[in-house]
1. Which members of the range B:134-173 meet the condition of being over 16 Å from B:Val69 (Cβ atoms), among the hydroxyl-bearing types (Ser, Thr, Tyr) and buried (at least 20 other Cβ atoms within 10 Å of the Cβ)?
2. With respect to B:Val9, determine if the residue is within 14 Å of chain A (Cβ to nearest Cβ), under 29 Å from A:Asp45 (Cβ atoms) and at pLDDT 95 or above.
3. On the basis of being within 11 Å of chain B (Cβ to nearest Cβ), within 30 Å of B:Phe155 (Cβ to Cβ) and in contact with a helix residue (DSSP H, G or I) (Cβ under 9 Å, 6 or more places away or on another chain), does A:Ile61 make the cut?
4. In the range B:115-139, what residues are among the hydroxyl-bearing types (Ser, Thr, Tyr) and not in a loop (DSSP other than H, G, I, E, B)?
5. Among the residues that make up the range B:55-77, is at least one of them surrounded by 14 or more Cβ atoms within 10 Å (Cβ to Cβ), within 30 Å of B:Ala129 (Cα to Cα), within 18 Å of the chain's Cα centre (by Cα) and without any contact (Cβ under 8 Å) to a residue 12 or more places away in the chain?
6. Counting only residues that are buried (at least 17 other Cβ atoms within 10 Å of the Cβ) and either touching a residue at least 24 places away in the same chain (Cβ under 8 Å) or outside any helix (DSSP H, G or I) (or both), how many does the range B:81-114 have?
7. Between B:Ile87, B:Ile58, which is in contact with a strand residue (DSSP E or B) (Cβ under 6 Å, 6 or more places away or on another chain) and among the hydrophobic types (A, V, I, L, M, F, W, C)?
8. Looking at the range A:72-110 only, could you name the residues that are within 11 Å of chain B (Cβ to nearest Cβ) and touching a helix residue (DSSP H, G or I) at 6+ places or on another chain (Cβ under 7 Å)?
2 protein chains.
Amino acid sequence: MKRFTLVLVAVAALAGVVVSMIPASGQSGKEAAPFVTQIPLGYRDWKLVSVAHEAGNINSIGAVLGNDVAIKAYREKTLPFPDGSIIAALHYSYVPSEENNKIFGRAQSFVPGSPTNIQFLVKDSKKYAATGGWGFGHFNKDGTHGNAAFMKPCFPCHAQAKDSDLVFTHYAP
Amino acid sequence: MKRFTLVLVAVAALAGVVVSMIPASGQSGKEAAPFVTQIPLGYRDWKLVSVAHEAGNINSIGAVLGNDVAIKAYREKTLPFPDGSIIAALHYSYVPSEENNKIFGRAQSFVPGSPTNIQFLVKDSKKYAATGGWGFGHFNKDGTHGNAAFMKPCFPCHAQAKDSDLVFTHYAP
């Protein structure tokens, strides 16, 4: 299954197909999980929304990417985001670049270390009606996803960003 | 000319055309500038290479994007980068997100403020033979570019990254 998934990803990336979902374990799609349990296909090829550094305990640096529906909505300032919008946040540990700092002659450069997790916002106003139309997804670097208890705080926190349809990240020009 | 350039960018973005260059002021292309004086077309739609934060005096947060030739080389670990590779570094001022921090209840979130500059590495082993095959470009947010004196330190600094074909940024998975 894993090899098949990888082939699907490669084929889709080459063909530039519209995003769809990879069934993670042959589920029928009828499961009632109120959050995203399947990694959206081809997300690493999506266009840039913005970047961010979360300091403190999180200590991550990340890139936020959007599928074509989300990027179009961002660029045209369409709110709420239309169904089909998917926003991906790729998170990495935040580490100094010894290599760059040696060349620059000072400790100034911070770059991505190991990937830590990838999070998704998937807009489907019917499927995720109970959480503002957004499905929340959290995938660890081994491909496992957050369980119901882990995902529970996502919606109430995002719900505070009501002026931007529950989305924290703004588009960087 | 500016409006025409914007229209060109928009059309190219919609059509997904292969990157080419915008003549900045109707030059014949015969000028002998040893650095990049024209903004590569469509760069904002390119795929993500990585992200970075430069602390200290620079105090910027940035995203590095690559055109298809560069992304293919990065993913296949092809060195040196082939002719036609273009790497773009989009830099923004590094600012705390008051909006996010209010929601998180602590000062942890740093995001892009205003754009500061965009830098390019353009691989053309003949045109830029004197600078390791790379043309260096620096464009301020008003579209003006660095002059010869400003661009002079680019090559000797990048030349120190000889193990990665003079490119500082590594691909983030």
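1. Selection gives nothing.
2. No.
3. In short, no.
4. Of the residues in the range B:115-139, the ones among the hydroxyl-bearing types (Ser, Thr, Tyr) are B:116, B:125, B:128, B:131.
Passing the criteria: B:Thr116, B:Thr131.
5. yes
6. Residues flagged as buried (at least 17 other Cβ atoms within 10 Å of the Cβ) and either touching a residue at least 24 places away in the same chain (Cβ under 8 Å) or outside any helix (DSSP H, G or I) (or both) within the range B:81-114 amount to 16.
7. Being in contact with a strand residue (DSSP E or B) (Cβ under 6 Å, 6 or more places away or on another chain) and among the hydrophobic types (A, V, I, L, M, F, W, C) holds for just one of B:Ile87, B:Ile58, which is B:Ile87.
8. A:Ala88, A:Ile103, A:Ala107, A:Gln108, A:Ser109
The values are calculated or read from the model by the stated rules, or taken from the named source; none is laboratory data. This one's a predicted model, so the numbers in the text were calculated from it and none came from an experiment. Glycine also receives a Cβ, built like all others from the backbone with ideal geometry; neighbour counts cover every protein chain displayed.
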